[in-house]
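In what follows, a single structure is set out as structure tokens and then discussed.
The values are calculated or read from the model by the stated rules, or taken from the named source; none is laboratory data. These numbers were taken from a predicted model, which means no experiment stands behind them. No Cβ is skipped: glycine too gets one built from the backbone with ideal geometry, and neighbour counts run over all protein chains shown.
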Amino acid sequence: MTQINITVKTPISQSTRAKQVSSMFDVPEQTEHSLNWQIDAPLEQQKWNIGLIVGASGSGKSTVLKHQFGEPNNLIWDKQSVIDDFDSSFTAEQISSSCSAVGFNTIPSWLRPYNILSTGEKFRVNLARQILETPKDKTIIVDEFTSVVDRQVAKIGATAVSKWIRKENKQFVAASCHYDIVDWLQPDWVIDMNTHQFVWRSVQPRPKLNIEIKSVHYSVWQLFAPFHYLTKELNKAARCYAIFINEQPTAFAGLLHRPHAVAKNIVGVSRLVTLPDWQGLGLAFVLADTLGAAHKTVGKRLRTYPAHPALIRGFDRSAQWKLDRKPQYSKPVVGKNSTVGKEWRQGTRPCAIFEYAGAPMQDKRQAEQLLNSHKF
């Protein structure tokens with residue numbers, strides 16, 4: 001059985017000021033301060049992917065993390081864009097995949113320097129570099145995990161990391177002072193530094209989110225526009241829908257009728273975007289699936305035309321969507337009434353075409369109510 005047995009000794013200052021403070025508070029005279037941690041941690045007993053060392057500040061989390069698993073990578077951020085800070089040995093596709101894995105999907109932010117990113121974006125791109133730049137045979141180590149971010153961002157980020165680590169069958173160990181991430185990270189084991197206890201955990205369902213999908217006014221697009229990977233423009237004829245969590249809009253879809261030489265019932269997803277703080281949960285796909293089912297119920301075909309690598313991978317993995325055309329370049333004639341926007345033209349990036357092929361919504365009245373309650 002692995003036993004963590006760490007003793008840290010440090011000399012105590014003998015300065016005049018230190019002696020005065022000791023005297024003021026009746027601190028016994030000592031020349032050395034000693035801390036010791038003894039924890040039985042049978043990590044060799046079974047296979048695991050994710051471990052968490054948790055406890056109050058000053059409880060020894062970082063000491064145990066570094067003693068048992070090593071030092072986290074020292075990341076330097078000094079380039080004009082964060083994607084340029086990644087090691088030059090990695091391809092753009094590899095960097096894109098690691099960013100998407102942690103829910104850092106806002107492409108405009110990829111092209112910005114680290115120092116102007118939001119706290120949540122810094123948290124996610126740090127994770128992206130850690131998971132990509134740590135060698136495959138090494139444990140990914142993160143200290144102060146989620147300590148500096150909003151608790152909602154922390155939970156969503158923990159979920160995104162957990163999904164990726166298990167998918168890639170890697171090992172990840174984090175130290176954190178927050179217990180609220182346990183149910184979202186779903187670690188295989190936990191060391192609680194407050195009690196010096198090690199426990200194995202079984203992976204359990206994550207907490208459920210109560211979501212509501214409804215039609216929204218076109219103006220809601222302005223909240224999401226800065227985070228879309230193509231352009232801030234959206235045709236004014238678009239029908240707009242959003243996912244709400246705790247009455248807060250979190251994901252958005254803009255839909256347009258798609259003219260076709262033969263089929264007259266095709267509706268296309270023109271914009272699909274999730275706010276940065278909620279990326280990593282798959283909310284955009286929940287929204288697309290629901291709208292696809294509703295349209296199928298009323299005799300319409302919903303298609304989507306993603307160019308973002310994460311969206312293409314997500315739709316390709318989904319059993320609800322059928323690949324109609326692999327990613328390729330195309331150059332349609334763009335007229336004055338084009339729905340693709342003035343700043344973006346197909347042909348500048350490979351786009352795929354997927355069509356919803358899942359089950360229809362069982363309640364036709366519910367489908368009609370969702371699709372016909374559009375607010376202009």
Odd one out for residue 193, checked against (1) surrounded by 15 or more Cβ atoms within 10 Å (Cβ to Cβ); (2) outside the structural domain of residue 158 (by TED's automatic domain parsing); (3) touching a strand residue (DSSP E or B) at 6+ places or on another chain (Cβ under 7 Å) = (2)
Filter result (part of a strand (DSSP E or B), more than 19 Å from residue 309 (Cβ to Cβ) and either modelled with pLDDT under 90 or touching a helix residue (DSSP H, G or I) at 6+ places or on another chain (Cβ under 9 Å) (or both)) within segment 261-280 | 267
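Across segment 324-376, which residue is nearest to the chain's Cα centre (by Cα) among those that are acidic (Asp, Glu) and modelled with pLDDT of 70 or more? Lay out the reasoning, then the answer.
Kept after step one, since they are acidic (Asp, Glu), are these residues of segment 324-376: 324, 343, 355, 363, 368.
Among the residues that remain, those that are also modelled with pLDDT of 70 or more are: 324, 355, 363, 368.
Working: 324: 28, 355: 25, 363: 32, 368: 33 Å.
Looking at residues that are acidic (Asp, Glu) and modelled with pLDDT of 70 or more, I get 355.
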Every residue from segment 4-33 that is in a strand (DSSP E or B) and out of contact with any Pro (no Cβ under 9 Å at 6 or more places or on another chain) | 4, 5, 6, 7, 8, 9, 10, 11
Hey, residue 22 surrounded by 12 or more Cβ atoms within 10 Å (Cβ to Cβ), hydroxyl-bearing (Ser, Thr, Tyr) and more than 21 Å from residue 63 (Cα to Cα) or not | yes
Tell me, yes or no, whether segment 92-105 has at least one residue that is at pLDDT below 90, in a helix (DSSP H, G or I) and charged (D, E, K, R).
-> yes
In segment 151-161, is there at least one residue being without any contact (Cβ under 8 Å) to a residue 40 or more places away in the chain, of a type in the set (A, V, I, L, M) and in a helix (DSSP H, G or I)?
-> yes
Picked from segment 75-91 (must be of a type in the set (D, E, K, R) and part of a helix (DSSP H, G or I)), the residue farthest from residue 135 (Cα to Cα) is 84
Here the qualifying pairs (Cβ atoms under 6 Å; residues six or more apart or on different chains; first in segment 112-130 and of a type in the set (Ser, Thr, Tyr); second assigned to a helix (DSSP H, G or I)) come out as 114/82
Return a yes/no flag: does segment 34-55 have any residue that is surrounded by 12 or more Cβ atoms within 10 Å (Cβ to Cβ), in contact with a Lys or Arg (Cβ under 9 Å, 6 or more places away or on another chain) and assigned to a loop (DSSP other than H, G, I, E, B).
-> yes
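Counting only residues that are of a type in the set (A, V, I, L, M) and closer than 17 Å to residue 158 by Cβ, which one in segment 281-306 is modelled with the lowest pLDDT?
Initial filter on segment 281-306 (of a type in the set (A, V, I, L, M)): 281, 283-284, 286-288, 291, 293-294, 298, 302.
With closer than 17 Å to residue 158 by Cβ added as a condition, the list becomes 281, 283.
Details: 281: 89, 283: 95.
Ranking the candidates gives 281 first.
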Restricted to segment 222-239, and to residues that are touching a strand residue (DSSP E or B) at 6+ places or on another chain (Cβ under 6 Å) and closer than 22 Å to residue 103 by Cβ, which residue is surrounded by the fewest Cβ atoms within 10 Å (Cβ to Cβ)?
-> 227
